[in-house]
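Any read-out appearing in this document is the output of simple, stated calculations on the displayed coordinates, not a laboratory observation. The structure presented is a predicted model; accordingly, all values stated were derived computationally and were not measured. Note: ideal-geometry Cβ built from the backbone for every residue, glycine included; neighbour counts use all protein chains shown.
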Amino acid sequence: GLVAKGYQKVDQAPDFYVAYLAAAEQRLTPATFDRWDYRRPGQPGRPGGMRPPSTYDVGTLVIDVVDADTNELVWRGSATDVVSAGLDRVQEQAREAVGDVLALFPPPSSTP
């Protein structure tokens, strides 16, 4: 994504470094109680019941741009979303997240 913006990777004397962190966290939905089940027209409702908690994964991506001379953070972008099941879809989501985050770099009137 940075190459498309005119930046190029160099082995010596870079203007900035790019660091990233990608992580997934499992979260829990709370248990809920439905007072009434669905009903057909003309029929009385039936008592509902407890719906047990369930889990889902939330992925977070953080991309930092660090000034190579001062070692100070000059820009940070991040994305968070529910992670899909399946390795192929997770990899696709990661590529999309990187593209979405880097679409905001560099910020207006800023050059690292």
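Net charge near V101: determine it from the other residues with C-beta under 12 Å of the C-beta of V101, scoring Lys and Arg +1 and Asp and Glu -1. Local net charge: -2. In order along region 68-82, phi translates into HN-Hα couplings of 5, 7, 9, 6, 9, 5, 10, 7, 9, x, 8, 8, 9, 7, 5 Hz, rounded to whole numbers, per the Karplus curve 6.51 cos²θ - 1.76 cosθ + 1.60 with θ = phi - 60° and x for Gly and Pro.
Label-to-label distance for A68 and R51 is 5.3 nm, based on points extended 7 Å past Cα in the beta-carbon direction. The phi torsions of region 24-31, fed into the Karplus equation with coefficients 6.51, -1.76 and 1.60 and a -60° offset, translate into couplings of 10, 10, 8, 10, 10, 7, x, 5 Hz, rounded to whole numbers, with Gly and Pro shown as x. Take the Cα of D15, step 7 Å toward its Cβ, do the same at V90, and the gap between the two points is 3.5 nm. Count the net charge of all other residues whose Cβ sits under 12 Å from the Cβ of T60, scoring Lys and Arg as +1 and Asp and Glu as -1. Counting the neighbours of T60, the net charge comes to -2.
Between amide H atoms placed 1.01 Å from N, distances below 5 Å from V83 occur with D57, V58, G59, all of them 5 or more places distant or on a separate chain.
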